[in-house]
Structures are given as structure tokens and as C-alpha cells.
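A.B. asks: Dropping the structure in here first, questions after.
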Amino acid sequence: MLSLNNVSVSFGATPLFSDLSFQVSPRERIALAGRNGSGKTTLLNIIAGLREPTSGTLSFPKDASIGYLPQHMLVKDHLTVRDEARKAFASGEGLKQHVNRLSEEIAHRTDYESAEYLELVQRLANASELLALYNPEQQEAELERTLKGLGFEQNDLDRPTAEFSGGWRMRIELAKILLARPDLLLLDEPTNHLDMESIVWLETFVRETHAAVILVSHDRRFLDNTTSRTIELSLGHAHDYKVNYSHYEELRQERYEQQLRAYENQQKLIKDTEDFIERFRYKATKAVQVQSRIKQLEKLERVEVDQLDRKSIHFTFPTTVQSGAYPLVVKDLRLAYDEHVVLDGIDLTVERGDKIALVGKNGSGKTTFVRGVLGEIPHDGVVKLGHQVEIAYFAQNEATLLDPEKTIFQTIDDVAVGDIRTKINDILGAFMFGGEVSEKKVSVLSGGERSRLAMIRLLLSPSNLLILDEPTNHLDLSSKAVLKEAIQKYEGTVLIVSHDRDFLDGLVDKVFEFRGGQVVNHLGGMEEYERKLQLKEVAEDKEVADPESSTKVSTGQLAYREQKEQQRQERQRKQLIEKLEAEIAACEKKQSEIEQTLAAGTASPDLLQQYAELSEQLEKLMAEWESAYDTVS
């Protein structure tokens, strides 16, 4: 379908990449990998026909179509969501003529076993399938299914696009591209503006579409679930792996180790040769050998080594005082903007050491909740911060608060304390600010670079309650690994607003889902939440396939599964209550024994300290018992 032949791109005398050659077959799913700045977006622009390569050629069937979703695009707002999405069906007549041309071409060919003939048949099948969608009723059903899959509600479809944020307008553009059913789909960071439900839906679409797909993403889970081939851009060259992303990383590490060994051997050879030249440079008897060695060095093709994998960089948060047992308690919380109620009747208790994901559709109230907790917006109800709580908060606009006149190094050096100061350069390198880059001023950095810098600055600030709002949006996979490890070792409490499943998996132990103005606590963490997302996706797909006959069945199946899950959770909670009651009884017995000792006139500092610790433990156990009992009853 697509063939790149010796494609090169240079900016002035500086090459970005050179002599890229690879082919893309119909229905292939390819992840385009590489460090930031390696040329991934530039290559997508070339394939999409938006820029020309410096040299080389691309081959693509002239009657085939390309759908391209860039990271950033200008959108116009003068239609409703539905009418804007309908633009995807505007080329119906042209498609009909295209199907006729392909049918006529096939009718005159006899090379039935050739690859070209089979590709032609596949193109006709794809075009015919797309043409079948140009039935108005089918169009509307497909349009609504796609928009709802990307997170829009039914009452959103007839709202003007101007009422939606930039992220939602990008979803409309993505819907138009998906509805157009192109032969080749190019997606540059498609999950950036999607919530978790929409990402799960998009994964299914990408797996099932007839189009070939090339995508760039920092979402490892999304890549593993959708692609089976990985093309890496590294040091100006393309390396092709016929595996998914996680397996590619293993093979890439093997390649890196081979490169490193070859580089070290070559460096030893170069040093030995240079030592020989320097030693005998002025000896006439050795002139021929010296000149021979000099020519050897000039002709030597130097081994290049990929930059070190940042996952080898480790650091921990600076310590601070320990908070109380309950850093955050929320009771009957109500948050609203004028007449629009976002959240109402929220009761939550966060325990010291909890690592909690705040998830839900965009606009469901996650960031509003965080701002309410921080006191940035007025609220009704109780928001109580625990004893000695020190908050470090990363907001989505955190980058705008940096001093533009400071250098990158100064920005971090100002907040680094203790032993961490000796690792500043390593940490900057882990987040792509190593070497001379660290001397750049903040004023010249892009928005994404400023966000990364703001994240480092926050991570070096002492705290015991960490609140992060979309912390991974501008981090590559290696930087995310560094951040994830640091949070895993963090001894305080963490609330994370994120849609990045791979980042959250193994990191959080609780999930608070914001839905319909309420908050649902998923006791099984990310595993339970993702399983419920998959069940919901299956049920909705059945309803769309046969809305008259399947709704009742799929709803019943889902209700049955949910009932079984509720029964399982209730058993667990009752077991928890029994366990807590036993611990409370034991604690009260110990307290009673100490009280008898004290009443007899035998007192000591150790005994009083033990009594105080038992009182604190009993208070915590009673709070847990009340929470578990209220949930069951």
C-alpha cells in the first residue's frame, strides 16, 4: 500500500533522518517509536503529503485515501457537532465513481494470484463497505455510535462546536477521520484528549478497522493493544521490529547492549591507534606506519550509540513530616459553577499512604474536585485536611507559573535540597533536559517542555500529600517510567487525575470514578475498573448492532455480572467488618489492662506512650469499621 524509498529530511546542513526505506501493507498496525525530536511527526507529515522530503520518494496508490490526525490543528466553529461530523460523508458521489473504476479494472485483469490483484480486490472491498454507509439512516447510526464512543452524550450532538474546549473539538476531528474510513490512518498522539472510556473504544476501532494504521503515542498500553509492528527512528535511521511495543523494548535493549560493546571496542582501537601515532609521529623509520594509521582513522566508520535509557535513572522524593492518619476527609461536598452543579453529596475518606486514581469522562468533575479540596473555588459541605498535611500540587497550567528569565538548571536548583542536589543533572537528563539544554532559559521552551520542567520542580518539593492533574501529558515513555518509580517509592499520599492506564497500573491501590455528579469507589483498583469498562463496551456494542433485540439481553447480562460482583464485594466487606471487630476487641482489651495498671498507681512514660498509641489505633479502626458497615447496610 505504502512504500518509502531512501527518504531523507535535513534542516539546513543538519540531517533529521536519512535513507528511510520501509513498506506498509494493507491492514497493518504500526507503532512509530523514537525519542522526542527524532522526526516521528515530520515523517507523518511527509506521508500525509503536507511536506516534501529533502530526498527520496514515496509510493502510494493515487485512488487511496489518507486520514491524518495531527497533535495540533486549527478548527472552525460554525456548525453543530452532528453537522460538523457529517462532513465525513460529503464525498459519497466520488466514492461511487471510485468503486465503479475499481470494478472495471478488476474485470479486465487475469492475474488472479498476483499480489497486485489481491490488493486491488481488498481496495474494492474497503471502498464498497464505505459506500454502503452512505445510506442516510446508516450514516446517522454510525455517526452517533462514533461520537458517543469518543465521549459525547446524546444531547451534545446538536450543540454548537464553539461551546466545546479544544480537546473536545479534536475529538470531533478524530470522529470525522474515522467516519471517512480512509485506506491509511495516521494518528499522532490520539489519546492525549481522550478519557479512559474513549481510549478503550478507540482501541477496539483501530483493531477492527480495514485501514492500515501508523500511530505515534506515549501510551504503552494503547500501543500494545493495537499494534503488531514497531518502527523506531533512532540516530537518523529506521529500525524495523515485527513485534508490539513491549517486545520491541526488549529487542531494543539487546541492540543497545550490542552497540555499546561495539562502541567500547572501537574506542579502545581508536585510542591505541592515536597513541601509536603520537608516539612515533616524529620518527622517520615509522613514517609509513604512522601515515597508514592516520588514514585508517580517517576511513573508520564511527559506531553510534543510542542515548542511555532513562529508566536507569532513579530518585526519590525529599522527605517531610508524617501526616495524620487521614490526610483528607470530605463530607456532603457540593461544588457548582453558578447554576451548574458539578458534584453533589460527595463523602470520601483518604487514608495516609493511599495512592488513588481519579478517573472519569472529561468534564465529570475531577479537576473541579481537586480545586475544591485546595480551596481554589467555593464549596458547600466539609473538606477537612488532616494533621500536618503538606500539599504539593501539579496543575495542568503549572507551566505558566515558572520564571521565564531563569535557566532550566536554576529553576530546579532553587528547590532541590539535601542529597538530591548531587543528582540534578541526572534528573534533568531523565526528563530530556540534559547537557547544554539545561542552560536554556525558560522563556524559549515550548509548552510541553515547560510542563516537564514544572513536573521536576514539583517532585523535588517536600510534601506528604501529592496531587497530580494529568502529570504524564507531555512525558515520553522513559520519563513516565522515572516518574512512576518515584511515586511508587513515595511514602506520602497521592491523588492522581489521569487517563494513562499503563502509568496507573501497579501504581494506585484505589480508583475514584467521577460519574453523574457522584464518585464511585472501585475497591479492586485499576483491574476492577478496567474490567467494568470492557463489560460496558461489550454491552454497548450489542445494543448498537441490534438495538431492538439486544438491549434487553445485554442489559440483563451486564446486570447479572454486576450483581455477582456486588455479591463478591459484599462478602469481602462483611469479612472486613468481622476482622475489624476482632482487632477493636483486642485493642480495647489491651487498653483496659493498661487502665487497671495505671489505677493501681503504676505509671511510666513507656506505658503512657503505649496507651496513647492504642487510642490512636482504636480511633482508626473505629473509623474503618463505620465506613465498612455503612457501605454494607
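A.B. asks: I'm told ASP240 meets every condition in (1) of a type in the set (D, E, K, R); (2) open to solvent by 40 Å² or more (accessible area, probe 1.4 Å); (3) part of a helix (DSSP H, G or I) except one. Can you identify the failing condition by its number?
C.D. replies: Here ASP240 meets the rest and fails (3).
A.B. asks: In addition: Name the residue that is farthest from VAL494 (Cα to Cα), counting only residues in the range 391-422 that are of a type in the set (Ser, Thr, Tyr) and part of a helix (DSSP H, G or I). It would help to see each step written out before you state the result.
C.D. replies: Kept after step one, since they are of a type in the set (Ser, Thr, Tyr), are these residues of the range 391-422: 393, 400, 407, 411, 422.
Of the ones still in play, those that are also part of a helix (DSSP H, G or I) are 400, 411, 422.
Numbers: THR400: 23, THR411: 24, THR422: 26 Å.
Looking at residues that are of a type in the set (Ser, Thr, Tyr) and part of a helix (DSSP H, G or I), I get THR422.
A.B. asks: Let me ask something else about it. Against the condition open to solvent by less than 40 Å² (accessible area, probe 1.4 Å), over 30 Å from LYS532 (Cβ atoms), modelled with pLDDT under 90 and of a type in the set (Phe, Trp, Tyr), how does TYR256 come out, does it pass? Can you show your working first?
C.D. replies: On the way: open to solvent by less than 40 Å² (accessible area, probe 1.4 Å): yes; over 30 Å from LYS532 (Cβ atoms): yes; modelled with pLDDT under 90: yes; of a type in the set (Phe, Trp, Tyr): yes.
Answer is yes for this residue.
A.B. asks: Next question. Which condition breaks for HIS387 when tested against (1) part of a loop (DSSP other than H, G, I, E, B); (2) without any contact (Cβ under 8 Å) to a residue 60 or more places away in the chain?
C.D. replies: Going through (1) part of a loop (DSSP other than H, G, I, E, B); (2) without any contact (Cβ under 8 Å) to a residue 60 or more places away in the chain one by one, HIS387 breaks only (2).
A.B. asks: Can you give me the number of residues within the range 350-375 that are more than 30 Å from LEU150 (Cα to Cα) and open to solvent by 70 Å² or more (accessible area, probe 1.4 Å)? It would help to see each step written out before you state the result.
C.D. replies: Just the residues of the range 350-375 that are more than 30 Å from LEU150 (Cα to Cα), to begin with: 350-354, 374-375.
From what is left, the residues that are open to solvent by 70 Å² or more (accessible area, probe 1.4 Å) are 352.
Final tally of qualifying residues: 1.
A.B. asks: Next question, about the same structure. Within the range 443-464, track down each residue that is part of a helix (DSSP H, G or I) and over 22 Å from the mean Cα position of the chain (by Cα).
C.D. replies: First, pick out the residues of the range 443-464 that are part of a helix (DSSP H, G or I): 443-444, 447-459.
Listed by number, the residues that qualify are SER443, VAL444.
A.B. asks: Against the condition closer than 23 Å to LEU178 by Cβ, assigned to a loop (DSSP other than H, G, I, E, B) and open to solvent by 40 Å² or more (accessible area, probe 1.4 Å), how does ASN192 come out, does it pass? Steps first, please.
C.D. replies: Numbers: closer than 23 Å to LEU178 by Cβ: yes; assigned to a loop (DSSP other than H, G, I, E, B): yes; open to solvent by 40 Å² or more (accessible area, probe 1.4 Å): yes.
Considered against the rule, which asks whether it is closer than 23 Å to LEU178 by Cβ, assigned to a loop (DSSP other than H, G, I, E, B) and open to solvent by 40 Å² or more (accessible area, probe 1.4 Å), ASN192 comes out as yes.
A.B. asks: Something else about it: Looking at LEU178, LEU157, can you tell me which residue is under 26 Å from the mean Cα position of the chain (by Cα) and open to solvent by less than 20 Å² (accessible area, probe 1.4 Å)?
C.D. replies: Values: LEU157 fails: under 26 Å from the mean Cα position of the chain (by Cα).
Testing whether each residue is under 26 Å from the mean Cα position of the chain (by Cα) and open to solvent by less than 20 Å² (accessible area, probe 1.4 Å) leaves just LEU178.
A.B. asks: Looking at ALA48, ALA64, which one is aliphatic (A, V, I, L, M), modelled with pLDDT under 90 and more than 19 Å from the chain's Cα centre (by Cα)? Can you show your working first?
C.D. replies: Details: ALA48 fails: modelled with pLDDT under 90.
Sole residue among the options that is aliphatic (A, V, I, L, M), modelled with pLDDT under 90 and more than 19 Å from the chain's Cα centre (by Cα): ALA64.
Residues checked against (1) open to solvent by 10 Å² or more (accessible area, probe 1.4 Å); (2) aliphatic (A, V, I, L, M); (3) in contact (Cβ under 8 Å) with a residue 24 or more places away in the chain:
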site	(1), (2), (3)
ILE427	no, yes, yes
PHE433	no, no, yes
SER446	yes, no, no
GLU449	yes, no, yes
LEU453	no, yes, yes
LEU460	no, yes, yes
GLU470	yes, no, yes
LEU477	yes, yes, yes
PHE503	no, no, yes
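A.B. asks: Could you grab the pairs with beta carbons closer than 8 Å, sequence gap of 6+ or different chains, first residue in the range 254-282 and within 16 Å of VAL303 (Cβ to Cβ), second one among the charged types (D, E, K, R) and open to solvent by 40 Å² or more (accessible area, probe 1.4 Å)?
C.D. replies: That search, which allows pairs on different chains as well, returns TYR256/ASP309; GLN259/GLU304; TYR263/GLU304; GLN266/ARG302; THR273/ARG293.
A.B. asks: If you take the residues of the range 82-131 that are under 30 Å from PHE164 (Cα atoms) and among the aliphatic types (A, V, I, L, M), which of them is most open to solvent (accessible area, probe 1.4 Å)? Steps first, answer last, please.
C.D. replies: Just the residues of the range 82-131 that are under 30 Å from PHE164 (Cα atoms), to begin with: 82-92, 130.
Narrowing further to those that are among the aliphatic types (A, V, I, L, M): 85, 88, 90, 130.
Values: ALA85: 0, ALA88: 11, ALA90: 87, LEU130: 18 Å².
Taking the candidates together, the pick is ALA90.
A.B. asks: Considering only residues that are outside any loop (DSSP other than H, G, I, E, B) and more than 28 Å from PHE11 (Cα to Cα), look in the range 45-81 and name the one that is least open to solvent (accessible area, probe 1.4 Å). Give the derivation first.
C.D. replies: Narrowing the range 45-81 to residues outside any loop (DSSP other than H, G, I, E, B): 45-47, 55-59, 66-69, 80-81.
Cutting the leftovers down to more than 28 Å from PHE11 (Cα to Cα) gives us 80-81.
Working: THR80: 33, VAL81: 0 Å².
Taking the candidates together, the pick is VAL81.
A.B. asks: Let me ask something additional. Kindly list, by first and then second residue, each pair from a residue in the range 347-372 that is farther than 14 Å from LYS510 by Cβ to a residue that is assigned to a loop (DSSP other than H, G, I, E, B) and of a type in the set (Gly, Ala, Ser), limited to pairs with Cβ atoms under 6 Å and residues at least 6 apart or on different chains.
C.D. replies: Between residues of the range 347-372 that are farther than 14 Å from LYS510 by Cβ and residues that are assigned to a loop (DSSP other than H, G, I, E, B) and of a type in the set (Gly, Ala, Ser), the close pairs are LYS361/GLY151; LYS366/GLY360.
A.B. asks: Quick one: count up the residues across the range 313-338 that are touching a residue at least 60 places away in the same chain (Cβ under 8 Å), part of a loop (DSSP other than H, G, I, E, B) and not hydroxyl-bearing (Ser, Thr, Tyr).
C.D. replies: Initial filter on the range 313-338 (touching a residue at least 60 places away in the same chain (Cβ under 8 Å)): 313-328.
Those still in the list that are part of a loop (DSSP other than H, G, I, E, B) too: 313-327.
Subsequent filtering for residues that are not hydroxyl-bearing (Ser, Thr, Tyr) retains 313-315, 317-318, 321-322, 324-325, 327.
Qualifying residue count, the range 313-338: 10.
A.B. asks: Shifting gears a bit: Could you tell me whether the range 21-30 includes any residue that is under 30 Å from ALA162 (Cβ atoms), within 30 Å of the chain's Cα centre (by Cα) and not in a loop (DSSP other than H, G, I, E, B)? Please lay out each step first, then the result.
C.D. replies: Taking the range 21-30 first, the residues under 30 Å from ALA162 (Cβ atoms) are none.
No - not one qualifying residue is present in the range 21-30.
Rundown of residues vs (1) more than 24 Å from ARG27 (Cα to Cα); (2) open to solvent by less than 20 Å² (accessible area, probe 1.4 Å); (3) assigned to a helix (DSSP H, G or I); (4) of a type in the set (D, E, K, R), yes/no style:
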| site | (1), (2), (3), (4) |
| --- | --- |
| VAL200 | no, yes, yes, no |
| ILE231 | no, yes, no, no |
| GLU250 | yes, no, yes, yes |
| GLN267 | yes, no, yes, no |
| ARG279 | yes, no, yes, yes |
| THR285 | yes, no, yes, no |
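The values are calculated or read from the model by the stated rules, or taken from the named source; none is laboratory data. Here the structure is a predicted model, which is why all the values come from computation and not from measurement. Don't worry about glycine lacking a Cβ; one is built from the backbone with ideal geometry, like all the others, and counts go over all protein chains shown. Just the protein is used for accessible areas: all its heavy atoms, side chains included, with ligands, DNA and RNA removed. Shrake-Rupley method; radii C 1.70, N 1.55, O 1.52, S 1.80 Å.
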